[in-house]
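Peer 1: Could you have a look at this structure, given as structure tokens, before my questions?
The values are calculated or read from the model by the stated rules, or taken from the named source; none is laboratory data. Just so you know, these numbers come straight off a predicted model, no measurement behind them. FYI the Cβ positions are ideal-geometry reconstructions off the backbone, even for glycines, and counts take in every protein chain you see.
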Amino acid sequence: MIRIKKKSFPEKVLIFINLTTLIVQLFAMDSFGLGLNIPILSLSVPLICIVNLILAIYWLLSFQWPFFIFFITYAISFESWQLLYQFKAKGINTSSGLNVMSYNVRAFNRFNWLDIKEIPQLISEYIETVKPDVVCFQEYSQDRAPKLKNYPYKIFKPYVQNGNIGSCIISKYPLENSKAISFETSSNGGMQADLIWNQDTIRLYNLHFESLRLNSKDTLLASNYSKQFRSKIKGVFETQNGQVLKFNKISKSNSFPEIICTDLNNNAFSQSYKSLSKNRLDTFKAKGKGFGSTYQFPYFPLRIDYIFITPNIKVLDYRTHNIELSDHVPISADLKLR
């Protein structure tokens, strides 16, 4: 049974720390719907939750009452937890739909970030093995891109005029009415195209929002980097918010069912995510599992790549692919019109 006894001083300190991190977690997740927008807090949600989970396990194994505080906060923030972690999806998908993949390929290792020379070929082989119907690439490099013979339809839009890197959509089905989507004063951007599938038209958006440019030196703990890090994050978040607002205005004129493949460069607790996901469904939340981490950042689960859909599309399945050929991993969703 749970025991209540006089606590030692270290235990009192630990309880105080735990209560503080639980309160911070609730506000960082915006569990009360207050519309808070604190960049550092929202970005730190996965770390805060992991700390609280470890402490909850400690209290549970030692049969002490603070475990119930964690349980209460979990119940309050249950909806928010689903954006961070999904248990294995219920049921087995037996239906076939449109399989859409989103993948930031980091220019196919253009600047040799990875010590693997065959990156373009390996990505090509993986896609040919997985066989998605549509692939939306971000950071697609024209001069390093492999040929994918089973995809007769391809549209590329550079991020900047006459550029070599940009957004690209390849498809087994016809693509029409493509347009570039540009973000002022940014080297990122996107595109749109209409997919003709089973005699229906679906609007595809392939978007790459302002980059966080995180690296291993970015931390809140080292004094020589923390101030610079906070300033950088604040600026990036503001830029992203502006880009999302611009895209939402573009999307308003669309009358077709829409699929948005994006490297949002932010997690699911950010203001940019909230704006982009409004009136749309995050396919990970519907059918994903685990943390669904899409960006390879040491010791820190970051889900910054998404596939959003409008309510007139149904999610049959979702997958986070376990392959390390970029700083991102591909994600895919099986979709069907309602």
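Peer 1: Within the set of pairs 6+ apart or on separate chains, which have a first residue in segment 66-79 that is touching a residue at least 24 places away in the same chain (Cβ under 8 Å) and more than 14 Å from I15 (Cα to Cα), a second that is crowded, with 21+ Cβ neighbours inside 10 Å and of a type in the set (A, V, I, L, M, F, W, C), and C-beta atoms under 6 Å apart?
Peer 2: The qualifying pairs are T73/L22; S77/M29.
Peer 1: Among residues belonging to segment 62-98 that are over 30 Å from D200 (Cβ atoms) and assigned to a loop (DSSP other than H, G, I, E, B), point out the one that is modelled with the lowest pLDDT.
Peer 2: K88
Peer 1: Can you pull out every residue in segment 251-277 that is surrounded by 14 or more Cβ atoms within 10 Å (Cβ to Cβ) and closer than 18 Å to S182 by Cα?
Peer 2: If the condition is that a residue be surrounded by 14 or more Cβ atoms within 10 Å (Cβ to Cβ) and closer than 18 Å to S182 by Cα, then S251, I260, C261, T262, D263, L264, N265, S272, L276 are the ones that fit.
Peer 1: Every residue in segment 164-204 that is loosely packed, with under 14 Cβ neighbours inside 10 Å, part of a loop (DSSP other than H, G, I, E, B) and either on the phi > 0 side of the Ramachandran plot or in contact with a Pro (Cβ under 8 Å, 6 or more places away or on another chain) (or both), please.
Peer 2: T185, N198, Q199
Peer 1: Test each condition in (1) in the same structural domain as R303 (by TED's automatic domain parsing); (2) within 21 Å of C49 (Cβ to Cβ) for Y140 and report the one that comes out false.
Peer 2: Only one criterion in (1) in the same structural domain as R303 (by TED's automatic domain parsing); (2) within 21 Å of C49 (Cβ to Cβ) is unmet by Y140, namely (2).
Peer 1: Still on this structure: Need the failing condition index for V105 against (1) outside the structural domain of E324 (by TED's automatic domain parsing); (2) under 23 Å from the mean Cα position of the chain (by Cα); (3) β-branched (V, I, T), just the number.
Peer 2: It is condition (1) that V105 fails.
Peer 1: Suppose we keep only residues that are modelled with pLDDT of 95 or more and part of a loop (DSSP other than H, G, I, E, B) within segment 149-163. Which one would you say is surrounded by the most Cβ atoms within 10 Å (Cβ to Cβ)?
Peer 2: Per the stated criteria, the residue is Y159.
Peer 1: Can you pull out every residue in segment 228-238 that is touching a residue at least 24 places away in the same chain (Cβ under 8 Å), surrounded by fewer than 18 Cβ atoms within 10 Å (Cβ to Cβ) and within 22 Å of S182 (Cα to Cα)?
Peer 2: K234
Peer 1: Counting just the residues of segment 298-313 that are surrounded by fewer than 17 Cβ atoms within 10 Å (Cβ to Cβ) and modelled with pLDDT of 95 or more, which one comes out nearest to P46 (Cα to Cα)?
Peer 2: P311
Peer 1: Quick one: which of S326, S231 is assigned to a loop (DSSP other than H, G, I, E, B) and among the small types (G, A, S)?
Peer 2: Among S326, S231, only S326 is assigned to a loop (DSSP other than H, G, I, E, B) and among the small types (G, A, S).
Peer 1: Those residues that are of a type outside the set (S, T, N, Q), assigned to a loop (DSSP other than H, G, I, E, B) and without any contact (Cβ under 8 Å) to a residue 40 or more places away in the chain, I need them from segment 111-144; list them, please.
Peer 2: F111, D115, K117, E118, K131, D143, R144
Peer 1: Another one. Would you point out which residue out of L204, L214 is among the aliphatic types (A, V, I, L, M), at pLDDT 95 or above and assigned by TED's automatic domain parsing to the domain that holds Y103?
Peer 2: Checking each option against the conditions leaves just L204.
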